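The values are calculated or read from the model by the stated rules, or taken from the named source; none is laboratory data. This is a predicted model, so every value here is computed, not measured. Because the Cβ atoms are built from the backbone with ideal geometry, glycine has one as well, and the counts that use them run over all protein chains shown.
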Amino acid sequence: MDDFGPLAGGGRDMSVAVFDFLLDGNPRKISVETRDGIFVAREGERVLEAEVRRITANELQFRFGGRSVRVYLARDGERTFVSVDGREFAVSESRPEIGRPGEGDEKTAETSFRVRSPMPGKVTKIAVVEGEEVRKNQTLVIVEAMKMENEIKTAIDGVVKKIHVAVGDLVDSERPLIEVEKKSPSP
Amino acid sequence: MFGKILIANRGEIAVRVIKACREMGIGSVAVYSEVDAAGLHVRLADEAVPVGPPPAAESYLDMDRILEAARVTGAEAIHPGYGFLSENAAFARLCEERGVVFIGPNSKALELVGDKVRARQTMEKAGIPTVPGMTSVSTSLEEFRAAARALGYPVMVKASAGGGGKGMRIVCDEDGLVPALEAGRREAKSAFGDDSVYLEKYIEEPRHVEFQVLADNRGHTVHLSERECSIQRRHQKIVEETPSPALDPELRARMGETAVRAMRAAGYNNAGTVEFLLDKDRHFYFLEVNARIQVEHPVTELTTGVDLVRQQILIASGADLSLRQEDLLPRGHAIECRIYAEDPKTNFLPSPGRIAFLREPKGPGIRFDSGVYEGFEVPVYYDPILAKLIVWAEDREAALRRMSAALDDCVILGIHTTAGFLKDVVDHPEFRAGRATTSFIGKFFPSWGRGDGEEDRERLALAAVAYEALARTSGPKGWPGRDRKKDRATPWTTLGRWRAGGET
């Protein structure tokens with residue numbers, strides 16, 4: 001698809017709507033408008049001009065450059081899932097409080113890390129105890145989902161401060177599993 | 001013939017068997033765990049029986065509960081599908097004892113081939129080439145160490161009760177041995193309820209070629225040609241095809257004849273698959289017998305025209321196999337892609353959750369065996385397989401093009417799936433050239449992310465969401481605006497004269 005041409009000159013802009021989206025967690029700004037029945041979408045220098053037709057509640061047809069592309073959409077709460085040419089994307093409106101869940105470790109302060117599971121699953125093994133010293137990349141917890149074991153590791157050297165889960169617990173990507181405190185530098 | 005069959009499985013394979021039962025005029029009984037009450041198999045079966053809590057060990061693997069479900073519903077036979085109890089000889093024996101027909105091999109043959117170590121011994125005795133490895137399982141670390149040294153690293157940890165890549169680990173040096181054994185044992189225990197493992201020499205860059213076999217209860221045995229299953233991730237097949245680009249008629253005949261000989265040596269009946277590794281020099285080694293219907297069985301069905309599940313049921317009911325080897329002439333080319341609930345962008349992390357939208361691909365030569373539907377919540381407890389997309393065409397090139405287009409047409413929204421990744425796999429020049437070995441994914445897809453044209457696809461996705469947002473808020477004609485937001489100050493609420501474009 002090379003139909004996003006460079007910005008064409010001329011054509012007075014009519015009412016333009018600007019959206020701040022998160023696409024798979026990454027901020028994207030897009031502006032859209034219609035000109036003589038043609039839908040115009042613009043991101044930075046790139047512009048798409050297309051005829052858009054609704055096929056069903058979940059399906060749009062975009063026609064441009066002699067091509068017809070079906071785009072499928074499904075809303076689920078805040079997010080809209082979109083499929084283009086067999087690729088899926090999750091799009092949501094950008095709001096400051098929407099973070100990026102599932103990225104694993106989160107720095108709570110300079111001194112401690114909250115380790116999360118990158119996906120929903122069941123805790124099958126806890127490899128450390130509270131107060132234990134751990135080294136970077138050491139396995140802390142094993143979470144199993146769909147019969148696949150995933151070793152959750154620490155990103156820092158430190159001490160296990162708090163274990164929030166037990167073997168057999170179901171976890172998601174939101175809830176912290178373990179807190180690791182950075183070792184205070186020896187004097 | 002049976003009046004009623006219980007299907008001791010879930011997902012797409014349970015659906016597949018239920019459909020075969022319906023065609024044959026046989027009643028079907030589904031079983032389900034607590035999280036699967038709304039499963040597609042439960043919706044389609046004539047009857048459904050709950051068999052326990054979500055963990056498979058307490059439901060789908062609970063032999064007593066499954067047999068009790070068969071008893072109360074009066075099912076005369078149990079189809080185990082793949083995974084779960086399908087290769088559990090104790091279960092097959094229990095069925096035999098209780099007078100329920102197990103739709104699969106007899107318990108003795110199952111026990112033999114299910115024990116990978118004994119199977120190897122049997123095959124060696126029958127003069128069938130095998131991969132060098134330990135001839136017995138062990139729990140002694142010293143024995144493992146000695147065996148690994150004797151075989152020479154790299155070696156492979158394999159679960160004795162194994163299958164589907166569960167419990168398998170490649171070990172490159174002695175330091176890696178203990179963790180690999182531990183992980184292999186744990187995974188094997190959770191997948192099969194048996195934690196015995198053994199070591200095999202790791203053959204580098206082989207192809208994985210398997211032969212489908214059918215044998216009736218009187219020993220009449222035929223093969224239905226091969227399936228090439230070299231495209232694997234984590235030792236799990238993801239793309240399969242037949243015929244194999246690596247075989248010529250001479251090698252096919254030789255391997256097919258060996259597969260039939262292997263099954264006879266094992267005293268095998270019903271449907272089964274003999275797996276071989278094929279090395280660079282076209283030497284083949286017996287790997288194992290998969291004593292069940294396999295995930296990838298549809299490609300064989302499409303090229304041979306034989307309904308394998310129907311054949312399984314016929315054989316189990318005592319019918320003689322009517323197929324003769326000389327009549328089994330495959331036609332055209334078939335490919336299967338397994339669509340998993342995994343996120344290829346995050347190294348294939350499992351992606352359970354609710355399917356918000358589903359559009360199944362359709363068209364000439366396209367088959368979609370699915371275990372899910374729109375609105376279904378994919379649970380965390382089981383295999384990530386959602387569906388299988390299978391295509392048939394006159395030749396390999398046409399089949400590849402058909403698969404590529406059908407993957408575009410397969411839309412599953414709400415969870416991550418491997419569909420987009422699979423399209424890149426089937427479009428890859430190395431795969432298209434028919435040169436892929438089992439190291440293909442590691443070599444050409446060490447990671448997967450934004451490919452060619454991805455930015456434009458992303459932008460089109462954004463444009464579509466913007467279009468929808470406008471349609472929803474300004475709501476021109478007929479668009480109900482399901483999730484209309486409250487009067488939030490949004491930039492587009494001012495667009496009173498927005499109209500939907502392209503009504504030409």
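Structural remarks
- Selection count where residues are in contact with a Ser or Thr (Cβ under 7 Å, 6 or more places away or on another chain) and part of a strand (DSSP E or B), scope segment B:173-213: 9
- The residues of segment B:392-429 that are away from chain A (no Cβ under 14 Å) and in a strand (DSSP E or B), listed by number, are B:W392, B:A393.
- Just one of (1) modelled with pLDDT under 95; (2) more than 18 Å from the chain's Cα centre (by Cα); (3) within 14 Å of chain A (Cβ to nearest Cβ) fails for B:F357. It is (1).
- Filter result for B:S447 (away from chain A (no Cβ under 14 Å), among the polar types (S, T, N, Q) and over 21 Å from the mean Cα position of the chain (by Cα)): yes
- Filter result (free of Cβ contacts under 8 Å to residues at least 60 places away in the same chain and more than 20 Å from B:I203 (Cα to Cα)) within segment B:229-250: B:D248, B:P249, B:E250
Condition check ((1) buried (at least 18 other Cβ atoms within 10 Å of the Cβ); (2) in the same structural domain as B:N270 (by TED's automatic domain parsing); (3) closer than 22 Å to B:L181 by Cβ) across all residues:
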{"residue": "B:E97", "(1), (2), (3)": "no, no, no"}
{"residue": "B:D115", "(1), (2), (3)": "yes, no, yes"}
{"residue": "B:R120", "(1), (2), (3)": "yes, no, yes"}
{"residue": "B:M123", "(1), (2), (3)": "yes, no, no"}
{"residue": "B:R145", "(1), (2), (3)": "no, no, yes"}
{"residue": "B:A148", "(1), (2), (3)": "yes, no, yes"}
{"residue": "B:L151", "(1), (2), (3)": "yes, no, yes"}
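- Which listed residue, of B:I366, B:I390, is in contact with a strand residue (DSSP E or B) (Cβ under 6 Å, 6 or more places away or on another chain), surrounded by fewer than 23 Cβ atoms within 10 Å (Cβ to Cβ), under 28 Å from B:L44 (Cβ atoms) and at pLDDT 95 or above: B:I366
- In the set (1) closer than 29 Å to B:A126 by Cα; (2) assigned to a loop (DSSP other than H, G, I, E, B); (3) without any contact (Cβ under 8 Å) to a residue 24 or more places away in the chain, the condition left unmet by B:G375 is number (1).
Residues checked against (1) on the phi > 0 side of the Ramachandran plot; (2) buried (at least 24 other Cβ atoms within 10 Å of the Cβ); (3) not in a loop (DSSP other than H, G, I, E, B):
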| site | (1), (2), (3) |
| --- | --- |
| B:I293 | no, yes, no |
| B:L314 | no, no, yes |
| B:E326 | no, no, yes |
| B:P330 | no, no, no |
| B:P361 | no, no, no |
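- B:R432 vs. criteria under 21 Å from B:P206 (Cβ atoms), more than 9 Å from chain A (Cβ to nearest Cβ) and surrounded by fewer than 22 Cβ atoms within 10 Å (Cβ to Cβ): yes
Okay, residues lined up against (1) in the same structural domain as B:E394 (by TED's automatic domain parsing); (2) in contact with a helix residue (DSSP H, G or I) (Cβ under 8 Å, 6 or more places away or on another chain); (3) surrounded by fewer than 18 Cβ atoms within 10 Å (Cβ to Cβ); (4) within 22 Å of B:Q325 (Cβ to Cβ):
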| position | (1), (2), (3), (4) |
| --- | --- |
| B:L251 | yes, no, yes, yes |
| B:T258 | yes, no, no, yes |
| B:N269 | yes, yes, no, yes |
| B:Y285 | yes, no, no, no |
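- Taking segment B:255-282 as the range and being closer than 12 Å to B:V209 by Cβ and either among the small types (G, A, S) or more than 22 Å from the chain's Cα centre (by Cα) (or both) as the test, the residues that pass are B:M255, B:G256, B:T258, B:A259, B:D279, B:R282.
- Near pairs, Cβ below 9 angstrom, 6+ apart or cross-chain, from segment B:404-424 (among the aromatic types (F, W, Y)) to any residue that is assigned to a helix (DSSP H, G or I): B:F421/B:P344; B:F421/B:K345
- Selection count, segment B:234-284, where residues are out of contact with any strand residue (DSSP E or B) (no Cβ under 9 Å at 6 or more places or on another chain), modelled with pLDDT under 95 and of a type in the set (D, E): 1
- Any chance B:G267 is in a loop (DSSP other than H, G, I, E, B), under 20 Å from B:R118 (Cβ atoms) and among the small types (G, A, S): yes
- All positions within segment A:23-41 that are touching a residue at least 12 places away in the same chain (Cβ under 8 Å) and surrounded by fewer than 13 Cβ atoms within 10 Å (Cβ to Cβ): A:P27
- Residue within segment A:66-77 that is of a type in the set (G, A, S), modelled with pLDDT under 90, within 18 Å of B:A356 (Cα to Cα) and within 25 Å of the chain's Cα centre (by Cα) present: yes
- Within segment B:3-23, residues that are under 14 Å from B:F84 (Cβ atoms) sit with their Cβ atoms under 6 Å from residues that are in a helix (DSSP H, G or I) and small (G, A, S), at 6+ positions apart or across chains, in these pairs: B:L6/B:A70; B:I7/B:A14.
- Picking from residues in segment B:1-30 that are under 22 Å from the mean Cα position of the chain (by Cα) and basic (K, R), the one that is surrounded by the most Cβ atoms within 10 Å (Cβ to Cβ) is B:R10.
Conditions (1) of a type in the set (V, I, T); (2) touching a residue at least 40 places away in the same chain (Cβ under 8 Å); (3) at positive phi, marked per residue:
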{"residue": "B:A37", "(1), (2), (3)": "no, no, no"}
{"residue": "B:V51", "(1), (2), (3)": "yes, no, no"}
{"residue": "B:S59", "(1), (2), (3)": "no, no, no"}
{"residue": "B:G83", "(1), (2), (3)": "no, yes, yes"}
{"residue": "B:C95", "(1), (2), (3)": "no, no, no"}
{"residue": "B:I103", "(1), (2), (3)": "yes, yes, no"}
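- Looking across B:E301, B:E336, one residue alone is in contact with a Leu (Cβ under 9 Å, 6 or more places away or on another chain), of a type in the set (D, E, K, R) and either surrounded by 23 or more Cβ atoms within 10 Å (Cβ to Cβ) or in a loop (DSSP other than H, G, I, E, B) (or both). It is B:E336.
- Residues in segment A:59-95 that are facing chain B (nearest Cβ under 7 Å), part of a strand (DSSP E or B) and either within 15 Å of B:D456 (Cα to Cα) or not polar (S, T, N, Q) (or both): 18 in all.
- Number of residues in segment B:434-451 that are touching a residue at least 24 places away in the same chain (Cβ under 8 Å) and part of a loop (DSSP other than H, G, I, E, B): the value is 11.
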